[in-house]
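Report on one structure; see the data block that follows.
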Amino acid sequence: RNADITIKFKFDSSDDGNNGDAAMADESTSSPPEVTDIAPLLTKSIRTYEGKALFDKQQQEAKTSQDDVEKKMAAATIVDNDNDDPAGGGGSDGDMVVNAFEVSGKIDYSRLVDDFGSKLIEPELLARLERLTVGRGTVHYLHQFLRRNIFFSHRDLSKICDCLETGKPFYLYTGRGPSSGAMHLGHLVPFLFTKWLQQAFQCPLVIQMTDDEKFLFKGVYSDESGDNLDHFANLTIENARDIIACGFVKEKTFIFSDLDYIGSMYPNVVRIWKAVTTNTVNGIFGFDGTSNIGKIAFPAIQAAPSFPSSFPLVLGAGRDSNMACLIPCAIDQDPYFRMTRDVAHKLAPKSHPLNGKPALIHSKFFPPLQGAEGKMSSSDPNSAIFLTDGPGEIERKIKEYAFSGGQETKKLQEEHGANLEVDVSYQWLRFFFEDDAELERIGKEYGSGSGEFWSTGAVKAQLVTTLQALVGEHQERRKYVTDDVVKEWMTERCIV
């Protein structure tokens, strides 16, 4: 152990063979020993069995701690350099990169599940979900994101089913980092699914707007104009309009800005800060000495809504609350909640059905127009369809930029058909085209180069029609979301 220790010795200089033996001495009778007598004590060698055992234990603990950090870093940032698929993309060689801040390359979802330590949603669990939702009449059918394996992975979803069966309360938690004035279709995916979950489970929902995070990671400062924190606060309001227009149940939904609501969450934020070391956060998220302190502190703020006691009025929950939490999110957000789950037992009562841990259900990434890999980004307007795009803009982007898996000539297309795995138009239809039977027909015809949908043009035309209807309906609902309406949804109130 690291300590300063003073040891006093009495040395016997008799010739009885015990020269150099040390015995604890009374201060009044001890005398300063010769340096040569205590030389062995001044070395770093270990002279006792107990000391050697202690040293070995410390070395093993240090090695285990380092191994844990390396495993978390590997799980949080997965880079695949062995991809020989010529269709791969992202980086110069198609390497897969998945972490909380970057997604690129050809995504191997099986490997993600293995490395992150989550579980695939098996048919048995899917059937159980259907029985507990469709079977109870809260919804007419399982969402297409579940039917088509788009939400494909989970943590403790079966325990949420236990709560449903036993009548134990739980709530939904999802969020949005407001980085642009208009959301795109990729941003819409988790909210469309969360809307279905709210209806299916008949449960409350909290939606976190991480305007603080976006400022910490993307904010700027100049001597002339100061910083742009207010810019991200304004984006929160604009993005909240898009979220409200998705059609959530107002009486069961609370949308909050971190900048406004942090006071109520702060006790739990402090508890998470106390429970998680800087080394752990740096290992999971890749922070270093150049990162501002806000980046290092932020993961606790995203973790805090996982605990019902962060919402004493909204959920009527105190420190002794047993409410469970289910988080629908893209799988790149999993590192935040692995950290959360590791310390959750310190913030929840022992009677909590998940020992305080939030449950998660993960989605695959919505691909950009230029290729069915990585995920869509607001930073490239031609990679995305925004919820503010008009019918003509939607058609133009699909026709000009949607990557095709079809063949170069009609003859080759009829002989070989399209590669559905890389064809963006078909992959987007899997997300937004609701008719399973018709989607299957499109896939068969396009994949074989025969029938009505034998060509890329026919499939793109179907996608244009589908998206124009989806975005147009959303825009129509958004027209009625005024500033006063946003304020009502973001007012702290009880939703249980």
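Out of all the residues in the stretch 421-434, which are open to solvent by less than 40 Å² (accessible area, probe 1.4 Å) and within 15 Å of GLN462 (Cα to Cα)?
Correct list: ASP423, VAL424, SER425, TYR426, GLN427, TRP428, LEU429, PHE431, PHE432, PHE433.
When MET323 is tested against (1) buried (at least 22 other Cβ atoms within 10 Å of the Cβ); (2) modelled with pLDDT of 95 or more; (3) more than 30 Å from ILE272 (Cβ to Cβ), only condition (3) is not met. Tell me, yes or no, whether the stretch 256-279 has at least one residue that is open to solvent by less than 10 Å² (accessible area, probe 1.4 Å) and acidic (Asp, Glu). Looking for residues that are open to solvent by less than 10 Å² (accessible area, probe 1.4 Å) and acidic (Asp, Glu), one finds at least one in the stretch 256-279, hence yes. A single entry from TRP454, TRP489 fulfils the requirement of being under 28 Å from the mean Cα position of the chain (by Cα) and among the aromatic types (Phe, Trp, Tyr): TRP489.
Any chance the stretch 244-263 includes a residue that's at negative phi, in a helix (DSSP H, G or I) and among the aromatic types (Phe, Trp, Tyr)? Please lay out each step first, then the result.
Residues of the stretch 244-263 at negative phi: 244-246, 248-263.
From what is left, the residues that are in a helix (DSSP H, G or I) are 244, 250-252, 258-263.
With the extra rule that they be among the aromatic types (Phe, Trp, Tyr), the set shrinks to 261.
Among the residues of the stretch 244-263, at least one is at negative phi, in a helix (DSSP H, G or I) and among the aromatic types (Phe, Trp, Tyr), which makes the answer yes.
Each row is one residue, and each column tells you yes or no for (1) in a helix (DSSP H, G or I); (2) farther than 23 Å from GLU421 by Cα; (3) modelled with pLDDT under 90.
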site: ALA100; (1), (2), (3): no, yes, yes
site: LEU132; (1), (2), (3): yes, yes, no
site: LEU142; (1), (2), (3): no, yes, no
site: PHE145; (1), (2), (3): yes, no, no
site: SER153; (1), (2), (3): no, no, no
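Among the residues of the stretch 439-471, those that are touching a Gly at 6+ places or on another chain (Cβ under 6 Å) and part of a helix (DSSP H, G or I) comprise GLU445, GLY447, SER448, THR456. State whether one or more residues within the stretch 357-377 are open to solvent by 30 Å² or more (accessible area, probe 1.4 Å), over 30 Å from LYS460 (Cβ atoms) and touching a residue at least 24 places away in the same chain (Cβ under 8 Å). Scanning the stretch 357-377, I find at least one residue that is open to solvent by 30 Å² or more (accessible area, probe 1.4 Å), over 30 Å from LYS460 (Cβ atoms) and touching a residue at least 24 places away in the same chain (Cβ under 8 Å), so the answer is yes. Filtered by the rule that a residue be open to solvent by less than 10 Å² (accessible area, probe 1.4 Å), over 14 Å from LYS357 (Cα atoms) and in a loop (DSSP other than H, G, I, E, B), the stretch 298-314 gives PHE311, VAL314.
Would you confirm whether or not the stretch 83-96 contains a residue that is at pLDDT 80 or above and open to solvent by less than 60 Å² (accessible area, probe 1.4 Å)? First the steps, then the outcome.
Step one: list which residues in the stretch 83-96 are at pLDDT 80 or above, which gives 96.
In the following step, the residues that additionally are open to solvent by less than 60 Å² (accessible area, probe 1.4 Å) were identified as 96.
There is at least one residue in the stretch 83-96 that is at pLDDT 80 or above and open to solvent by less than 60 Å² (accessible area, probe 1.4 Å).
Applying the condition of being aromatic (Phe, Trp, Tyr) and touching a helix residue (DSSP H, G or I) at 6+ places or on another chain (Cβ under 8 Å) to the stretch 435-484 and asking which residue is surrounded by the most Cβ atoms within 10 Å (Cβ to Cβ) yields TYR446.
The criterion of being more than 30 Å from GLY356 (Cβ to Cβ) and in a helix (DSSP H, G or I) holds for LEU235. Which residues, counting only those in the stretch 396-418, are open to solvent by 20 Å² or more (accessible area, probe 1.4 Å), part of a loop (DSSP other than H, G, I, E, B) and farther than 20 Å from SER383 by Cα? Within the stretch 396-418, GLN407, GLU408, THR409 qualify.
Matching residues to (1) free of Cβ contacts under 8 Å to residues at least 40 places away in the same chain; (2) open to solvent by less than 10 Å² (accessible area, probe 1.4 Å); (3) over 21 Å from LYS364 (Cβ atoms); (4) among the hydrophobic types (A, V, I, L, M, F, W, C):
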site: ASN99; (1), (2), (3), (4): no, no, no, no
site: VAL103; (1), (2), (3), (4): no, no, no, yes
site: SER110; (1), (2), (3), (4): yes, no, no, no
site: SER158; (1), (2), (3), (4): yes, no, no, no
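The values are calculated or read from the model by the stated rules, or taken from the named source; none is laboratory data. These numbers come from a predicted model, not from an experiment. Using ideal geometry, Cβ is built from the backbone for each residue, glycine included, and neighbour counts are taken over all protein chains shown. Note: accessible area is taken over every heavy atom of the protein model, side chains too, but ligands, DNA and RNA are not part of it. Shrake-Rupley method; radii C 1.70, N 1.55, O 1.52, S 1.80 Å.
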